[in-house]
1. If I model a spin label at C154 and E109 as a point 7 Å from the Cα along the Cα→Cβ vector, what separation in nanometres do I get?
2. Got the relative contact order for the chain handy, in percent, Cα pairs under 8 Å and 6 or more residues apart?
3. Excluding E72 itself, what net charge comes from residues whose Cβ is under 10 Å from its Cβ, given Lys and Arg +1 and Asp and Glu -1?
4. In whole angstrom, note down how far apart the Cα centers of region 73-104 and region 4-42 are.
5. If I model a spin label at A19 and D38 as a point 7 Å from the Cα along the Cα→Cβ vector, what separation in nanometres do I get?
6. Helices from the chain with mean Kyte-Doolittle at least -0.5 and a Cα length along the axis of 15 Å or more, per DSSP H: which?
7. Going by the alpha-carbon gyration tensor, a ≥ b ≥ c the square roots of its eigenvalues, is region 1-58 rounded (a/c under 1.5) or, if a/c is not under 1.5, prolate (a/b greater than b/c) versus oblate?
8. Mind checking the per residue accessible area of region 19-148 for me, 1.4 Å probe, whole number of Å²?
Amino acid sequence: MNDLKFWQIIEEAWAASPALLEMRNAALKTNDAILIEDLTGELYGAITNNIRDILLQLDKKELTGFNHIMEEKLFQIDREDIHAYTDGSDDGFLYCRCFIVGMGKDYYEMISENPSKATCDAEAEIVGFIGYVVYQELFGEEFERYTKHSIETCSNTIGWSKT
C-alpha cells in the first residue's frame, strides 16, 4: 500500500456513489459550508460503506498498509492551525480530521495548505476507524494501532508548537 493506492480507495468509494461524488466535487469547487455539512452525513453513511466494501477485498498486508497511511494522514493534520478553524474537543478534532481525510486528497491538501478553508465541526468519525473495523471482521483480531503515528489530538507535537 502506498499513498497513491490509499487515495485511490477513497476516490473509488466516492465514484461508487455518483450523485454524492458530484456533490463532493461541487463542495471542492465552492467550499460552501452548507454543502460540506450536508456531506458529513454522507461520509458517515454511503461513502464509509463504500470504503468498507473496498477494504473487504484487501489482504492483511494491504489493509495494514491502509490503516498505517490513515494514521499518518490523521497525524499530519493534527495541527493547532487547523484546529483553530474546525474547533472541537480532543475527540471532536479527531473526528474533524477524519472528515478531512474522507473527503479525499484534494480536500485534504487544500485544508493542509490553507486551514482557514476548513468547515467548523464537519465530522466523520467512522472514516478514521473503518479500517480497524474491517481488520477485525476479516482476521478476527484487533489491529495494533499507532505503531507509527498516533491519531490522538495533540500527538503531533510539531503541529502544536507555537512558532
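The values are calculated or read from the model by the stated rules, or taken from the named source; none is laboratory data. Given the structure is predicted, the values throughout are model-derived calculations rather than measurements. Positions of Cβ are backbone-derived with ideal geometry, glycine not excepted, and every protein chain shown enters the neighbour counts. For accessibility, only protein heavy atoms count, side chains too; no ligands or nucleic acids. Shrake-Rupley method; radii C 1.70, N 1.55, O 1.52, S 1.80 Å.
1. 3.3 nm
2. Values: 214 pairs, mean separation 49.7, N = 163.
Relative contact order here is 30 percent.
3. 0
4. Spelled out, the Cα-based centre of one part sits 17 Å from the other.
5. Computed distance between label sites A19 and D38 equals 1.1 nm.
6. For the chain, where a helix must reach 15 Å along its axis and average at least -0.5, the hits are 3-15, 18-30, 90-102, 125-139.
7. Since a/c reaches 1.5 and a/b is larger than b/c, the shape of region 1-58 is classed as prolate.
8. On the way: 5950 Å² over 130 residues.
Spelled out: the 1.4 Å probe surface of region 19-148, per residue, equals 46 Å².
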